[in-house]
């Protein structure tokens with residue numbers, strides 16, 4: 001996963017709704033892929049680490065459990 005040291009100031013993380021200037025990565029947006037390109041939104045690395053992620057073998061998807 002490629003990471004970036006600074007979070008863009010003009011966008012908010014979809015997980016915490018802030019633009020705190022910490023390490024981030026890009027999360028692809030469903031339905032925007034054309035060839036090898038897609039739109040993406042920056043997400044804080046710490047926000048991803050705080051998610052309770054699970055893997056569903058039958059559907060072959062990774063998802064987050066809502067608390």
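Computed from these coordinates, which is Rg and Dmax of the Cα atoms in Å: (i) 10.9, 33; (ii) 11.4, 36; (iii) 13.2, 39?
For Rg and Dmax of the Cα atoms in Å, the calculated option is (iii).
So what's the back-of-envelope 222 nm ellipticity for the chain, counting only DSSP H runs of four-plus at -39500 (n - 2.57) apiece and dividing by all residues, rounded to 500?
-1500 deg cm²/dmol
Each reported figure results from applying straightforward, stated rules to the coordinates on display, with no laboratory input. What you see is a predicted model, and the numbers here were worked out from it, not measured in a lab.
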